[in-house]
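Q: Dropping a structure here in structure tokens format, bear with me for questions.
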Amino acid sequence: MNYDQIFSSALSDIKEEGRYRVFMDIERKKGEFPKATWHTENGEKEIVVWCSNDYLGMGQHPDVIKAMKDAIDKVGTGSGGTRNISGTHHYHVMLEEELADLHNKEAGLLFTSGYISNETSISTIAKLLPGCIIYSDELNHASMISGVLNGKCQKRIFKHNSVEHLEDLIKADDPTLPKIILFESVYSMDGDFAPIEEFCDLADKYNAMTYMDEVHAVGMYGPRGGGVAEQRGLMDRVDIIEGTLGKAFGLMGGYIAASKNIVDCVRSFASGFIFTTSLPPALTAGALASVRHLKKSNVERKIHQERAARLKEKLREANLPVMPSDSHIVPVLVGNPVICKKASDILLDEFGIYVQPINFPTVPRGTERLRFAPNPLHDDDMIDHLVKSLREVWQRLDIDKYSKAA
């Protein structure tokens, strides 16, 4: 058997479909974000990043940078092990307390990423509930899907954001069995919000738990950055809130916030937590500074919402197919994977605009798009340059015929 040929053939297939992913070798410039240097075989090129999940630019904030430097000077670099064996540091304890307070919960628990926090928490909680049934939104993130599969419990998939379909599924099941409703507050590819209150009403009605992923909302919404649940006054109605430190907070890591017993069970039973080296103290110190800053400051959130609204307005004025979105996410429909990649390449090569194509399996086939993430540091000139460049690329590649057919 020619093993290498099998791998080569698998790669050829996704290349032919136009969804082979290429990593961009970029170097962010401290103090100049969203500007960056692109390292190519032909040398360096200055670009503007339009697809970063560092939504508020907190990865460049002086308070965060100082906190990380101070932590390294004080305690060194690595954490030294898992949380159970020498890897729990005072920074971890302080950050978990800060995150629990952010979401008005009894306790918080840190993980090495948002993916791990979802996969590990969901699967662990499901296994601890005998006969558990999970009801999962059809557009939930891959990490949530993985958590459901690893939980080895019964599962039901409901139509995206459909309260009616969810209730129909719940009513058809044994009312005595434990149930968990899984959903996200903001869906990052379409930028739409979940009907959180209605889902919580169903949970109350049918004695179910609620688990909500707020990764694209923490730091972004609510008076203290607690997310959409805080903005809508619903934090106390959601049993488990999952978030990330890798987006609006500008660093790396994931977490859950919930009751003491739920958090203690995940801490005590979850292999994905128990056997993983903990986050380095410097990262945790930086996240702590970021969370504390955004609890007090609404400046970044206000400017960010204004920037997103301005970009959407400019795109519409230019007759570009910006997809409906009430959130900070700005997706522009292309409708063809090969053309989507070509558009991305031209924007980078000729216009110094870095935005990654979003193709299957991240989004359904036929809905391929360019997903823009404006932040408070994208100025008017950058927005105007982006819209003008997009209009030229759209005409050159005749993208309207694909997007209108999608």
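Q: Choose one answer from F111, F372, F158: the residue with the largest mean-square fluctuation in a GNM of the chain with alpha-carbon springs under 10 Å.
A: The residue that fluctuates most here is F158.
Q: So in the chain, which Cys have no other cysteine's beta-carbon sitting under 4.7 angstrom from theirs?
A: Cysteines lacking a close Cβ partner in the chain: C51, C200, C265, C340.
Q: I need the Debye-formula profile for the range 266-396: one equal scatterer per C-alpha, no solvent, reported as log10 I(q)/I(0) at q = 0.12, 0.13, 0.14, 0.15 1/Å, two decimals.
A: With no solvent term, the Cα-only Debye profile gives -0.64, -0.71, -0.78, -0.84.
Q: Chymotrypsin sites (Phe, Trp or Tyr not before Pro), restricted to the range 252-314: which are DSSP loop and have at most 12 other Cβ atoms within 10 Å?
A: Working: sites: Y255, F269, F273, F275; in loops: F275.
Loop-located and lightly packed - F275.
Q: Next question, about the same structure. Please report the net charge: other residues with Cβ closer than 10 Å to the Cβ of I241, K and R +1, D and E -1.
A: Neighbour charge sum, excluding I241 itself: -4.
Q: Ok, one more. Over all Cα pairs of the chain, how is the pair count split among 10 Å bins, expressed in % and running from 0 up to the last occupied bin?
A: Each 10 Å bin holds this share of Cα pairs: 5, 21, 29, 27, 15, 3, 0.
Q: Sticking with this one: Quote the relative contact order of the range 76-170 in percent (integer), defining contacts as alpha-carbon pairs under 8 Å separated by 6+ residues.
A: Averaging sequence separation for qualifying contacts and normalising by length gives 20 percent for the range 76-170.
Q: Further question: Per residue of the chain, what 222 nm ellipticity follows from adding -39500 (n - 2.57) for every DSSP H run with n ≥ 4, rounded to the nearest 500?
A: Value at 222 nm, helices only: -13500 deg cm²/dmol.
Q: Can you list the trypsin sites (Lys or Arg not before Pro) in the range 131-164 that are in a DSSP coil and have 14 or fewer other beta carbons within 10 angstrom? Can you show the working numbers first?
A: Working: sites: K152, K155, R156, K159; in loops: K152, K159.
The qualifying sites are K152, K159.
Q: How big is the convex hull of the Cα atoms of the range 225-320, per residue, in Å³? Walk me through the intermediate numbers first.
A: Working: hull volume 14.5 nm³, N = 96.
Cα-based convex hull of the range 225-320, divided per residue, equals 151 Å³.
Q: Taking loop as defined by DSSP and a crowding limit of 14 other beta carbons within 10 Å, which trypsin sites (Lys or Arg not before Pro) in the range 346-406 fit?
A: On the way: sites: R365, R369, R371, K388, R391, R396, K401, K404; in loops: R365, K404.
For trypsin sites (Lys or Arg not before Pro) across the range 346-406 that sit outside H, G, I, E and B with at most 14 neighbouring Cβ atoms in 10 Å, the list reads R365, K404.
Q: Sticking with the crude label model, points 7 Å out along Cα→Cβ, report the distance from L149 to R28 in nm, one decimal please.
A: A separation of 3.0 nm, rounded to one decimal place.
Q: Here's something else I'd like to know. Please list, in chain and number order, the residues 5+ apart from E184 or on another chain whose amide H is under 5 Å from its amide H, with Hs placed from the backbone.
A: Here D213 satisfy the definition.
Q: Give the Rg (one decimal place) followed by the Dmax (whole number) of the range 1-104, computed from C-alpha coordinates and expressed in Å.
A: For the range 1-104, the Cα-based Rg and Dmax read 20.9, 57 Å.
Q: Looking at the chain as a GNM with Cα springs under 10 Å, which of L245, L99, L11 has the largest mean-square fluctuation?
A: Its mean-square fluctuation being the largest, the pick is L11.
Q: Cα-Cα over 26 Å: which of K29/K105; K30/K105; K179/K296; K159/K205; K30/K342; K69/K312?
A: Long pairs (Cα-Cα over 26 Å): K29/K105; K30/K105; K179/K296; K30/K342; K69/K312.
Q: Hey, in the GNM for the chain with a 10 angstrom Cα cutoff, which one of G352, G151, G78 fluctuates hardest?
A: Highest fluctuation among the options: G78.
Q: How high is the relative contact order of the chain, in percent, counting Cα pairs under 8 Å that sit 6 or more residues apart?
A: Relative contact order comes out at 21 percent.
Q: When DSSP assigns beta bridges and you keep just the ones with both residues in the chain, what percent turn out antiparallel, to the nearest 5?
A: 60 percent
Q: Relative contact order for the range 233-275: what percent, with Cα pairs under 8 Å and sequence separation of 6 or more? Provide the component values of the computation, followed by the final result.
A: Numbers: 34 pairs, mean separation 11.3, N = 43.
In percent, rounded to a whole number, it is 26.
Every number in this text was worked out from the coordinates using simple rules, so none of it is lab data. The model shown is predicted, which means the values in this text are computed figures rather than measured ones. For neighbour counting, all protein chains shown are included, and Cβ atoms are generated from backbone atoms with ideal geometry for every residue, glycine included.
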